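The values are calculated or read from the model by the stated rules, or taken from the named source; none is laboratory data. All of these numbers come straight from a predicted model, not from anything done at the bench. So basically every Cβ, Gly included, is an ideal-geometry build from the backbone, and we count neighbours across all protein chains shown.
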């Protein structure tokens, strides 16, 4: 499902600040050689995340879902030289591929990869984090959110990817015929509803690419 007219999206990309050539190399290699390349966040989303990181002057980032390392490197490019990204994934093959690309980048030293389940690793980490990017297994989206909200810095932000799920989250959406995709639809609906109903969170669901939920703790403005 193309949420935004493709020509409009391409125009927006052409006028936006974009990730470096190092990131482009990851994107091109992944699309040509790696199964599931659709999991890449893409240029428009990368530019938007970069804007968010700069707006809150982020220094420390937690990413859940590394894939081939594109999103981690795009974020690293918007952190100061002493900034840090901890990125978590269970796939040894794609993480090794990602590390190879990071090693060639001037920003790769900011990235620390941790191999394993997010549910196991998050409790071992010490906050605060200025930014959390959740783009891993949909089944655990709501658990990842609940675990990381307490770890946010005062102005910290969580971004959850794929929350429109190709339009499948809409109430009148029909079954895809895939048990896994339909189950994931329910997991995503669950986290969307949780954020919408929470009085402790301020959330804005953005129709960028496949949907991005921006979440902050509801703090007093006084």
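Got at least one residue in segment 50-57 being within 11 Å of the chain's Cα centre (by Cα) and either within 22 Å of residue 103 (Cα to Cα) or not in a strand (DSSP E or B) (or both)?
No, there is no match, as no residue in segment 50-57 is within 11 Å of the chain's Cα centre (by Cα) and either within 22 Å of residue 103 (Cα to Cα) or not in a strand (DSSP E or B) (or both).
Please go through (1) assigned to a helix (DSSP H, G or I); (2) under 17 Å from the mean Cα position of the chain (by Cα); (3) surrounded by 15 or more Cβ atoms within 10 Å (Cβ to Cβ) for residue 38 and return the number of the only condition it doesn't satisfy.
Of (1) assigned to a helix (DSSP H, G or I); (2) under 17 Å from the mean Cα position of the chain (by Cα); (3) surrounded by 15 or more Cβ atoms within 10 Å (Cβ to Cβ), only one is false for residue 38: (3).
Going by what's in this entry, would residue 67 be described as modelled with pLDDT of 95 or more, part of a loop (DSSP other than H, G, I, E, B) and under 13 Å from the mean Cα position of the chain (by Cα)?
It is true that residue 67 is modelled with pLDDT of 95 or more, part of a loop (DSSP other than H, G, I, E, B) and under 13 Å from the mean Cα position of the chain (by Cα).
I'd like to check which strands (runs of 3 or more DSSP E) are fully inside segment 93-187 and have at least 1 residues that are out of contact with any helix residue (DSSP H, G or I) (no Cβ under 7 Å at 6 or more places or on another chain) and either surrounded by fewer than 18 Cβ atoms within 10 Å (Cβ to Cβ) or at pLDDT below 95 (or both).
111-115, 152-161
Looking at (1) under 18 Å from the mean Cα position of the chain (by Cα); (2) farther than 25 Å from residue 43 by Cβ; (3) without any contact (Cβ under 8 Å) to a residue 12 or more places away in the chain, which is the only condition residue 119 fails?
Exception for residue 119: condition (3).
For segment 188-222, give me the residue count where each residue is touching a helix residue (DSSP H, G or I) at 6+ places or on another chain (Cβ under 6 Å), part of a loop (DSSP other than H, G, I, E, B) and surrounded by fewer than 17 Cβ atoms within 10 Å (Cβ to Cβ).
The qualifying residues number 0.
Taking segment 1-17, which residues are touching a helix residue (DSSP H, G or I) at 6+ places or on another chain (Cβ under 7 Å) and part of a helix (DSSP H, G or I)?
Answer for segment 1-17, where residues must be touching a helix residue (DSSP H, G or I) at 6+ places or on another chain (Cβ under 7 Å) and part of a helix (DSSP H, G or I): 9, 12, 13.
Being within 15 Å of residue 73 (Cα to Cα) and either modelled with pLDDT under 95 or not in a helix (DSSP H, G or I) (or both) is the filter here, so list the residues in segment 18-35 that pass it.
18, 19, 20
Evaluate segment 11-32: report whether one residue or more is crowded, with 19+ Cβ neighbours inside 10 Å and over 19 Å from residue 209 (Cβ atoms).
Looking for residues that are crowded, with 19+ Cβ neighbours inside 10 Å and over 19 Å from residue 209 (Cβ atoms), one finds at least one in segment 11-32, hence yes.
If a residue must be closer than 29 Å to residue 7 by Cα and buried (at least 23 other Cβ atoms within 10 Å of the Cβ), how many such residues does segment 54-64 contain?
So the answer is 0.
What tally of residues in segment 73-92 results from selecting those that are outside any loop (DSSP other than H, G, I, E, B) and touching a strand residue (DSSP E or B) at 6+ places or on another chain (Cβ under 8 Å)?
Qualifying residue count, segment 73-92: 10.
Can you pull out every residue in segment 68-88 that is without any contact (Cβ under 8 Å) to a residue 60 or more places away in the chain and within 18 Å of residue 33 (Cβ to Cβ)? Walk me through how you get there before you give the answer.
Taking segment 68-88 as the starting set, the residues that turn out to be without any contact (Cβ under 8 Å) to a residue 60 or more places away in the chain are 68-70, 72-88.
Result: 68, 69, 70, 73.
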